[in-house]
Amino acid sequence: IMYRFLEHVPKVKVLYFLYILSNVMKVGATMEVIVPDYQILAERILTEDANASNFEAEDIITTFELLNEPYCPHASIWTPKRVIHFVELEGRYKVRKMESNYLFDGRNIYLRFLAERVK
């Protein structure tokens with residue numbers, strides 16, 4: 001289980017991280033992952049209304065989920081297509097389930113996926 005962690009792994013280390021993870025997972029084991037869905041965050045930016053009364057509250061959510069804090073930044077971007085690309089790239093995993101608009105911590109801006117170790 002990795003909730004709100006994988007986005008902190010730098011993009012250049014994602015494949016190595018997934019490889020190391022595969023060494024501690026048995027074939028048939030499933031990982032459950034929740035990450036911010038950057039497709040949803042991009043849509044929030046493109047449709048935001050800076051004059052809306054709730055702009056500041058919504059902007060805090062969008063900005064925080066895009067960038068996070070300087071001491072613990074988000075270092076990789078996740079969308080449904082990116083999940084399939086990176087998780088399945090080396091053939092160790094198969095994405096079995098994906099849920100966008102996943103509600104977690106009171107916000108539906110997340111992407112949840114289950115990936116099975118197949119090799």
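Students often forget the sequence filter, so: which lysines lie under 21 Å Cα-Cα from Lys13 once same-chain residues fewer than 8 apart are removed?
Those lysines meeting the cut-off are Lys81, Lys94, Lys119.
Tell me the label-point distance for the pair Arg107, Ala29, using the 7 Å Cα-to-Cβ offset, in nm and rounded to one decimal.
3.0
Which of the aspartates and glutamates could a cross-linker bridge to Lys11, judged by Cα under 17 Å and excluding same-chain residues fewer than eight apart?
In chain and number order, the partners are Asp37, Glu65, Glu88, Glu90.
For a quick check of your reading of the filter: which chymotrypsin sites (Phe, Trp or Tyr not before Pro) in segment 1-94 sit in a DSSP loop and have no more than 12 other Cβ atoms within 10 Å?
Phe5, Tyr71
Running Debye on segment 4-71 with equal point scatterers at the Cα sites and no solvent, what base-10 log of I(q)/I(0) appears at q = 0.13, 0.15 Å⁻¹?
-0.54, -0.65
When averaged across all projection directions, what area in nm² does the alpha-carbon convex hull of the chain cover?
Averaged projected area of the chain's Cα convex hull equals 7.7 nm².
Compute the relative contact order of the chain as a whole-number percentage, counting only Cα pairs closer than 8 Å that sit 6 or more residues apart in sequence.
36
Quick one: dipole size for the chain, taken about the Cα centre, charges +1 on Lys/Arg Cβ and -1 on Asp/Glu Cβ, in debye to the nearest 20.
1000
May I ask you to list the trypsin sites (Lys or Arg not before Pro) in segment 1-105 that are in a DSSP loop and have at most 13 other Cβ atoms within 10 Å of their Cβ?
Listed in order of number, the matching sites are Lys26.
Read the figures in this text as sums done on the coordinates, not as results from a lab. Worth saying up front: this structure is predicted, and the values here are computed from it rather than measured. Note: ideal-geometry Cβ built from the backbone for every residue, glycine included; neighbour counts use all protein chains shown.
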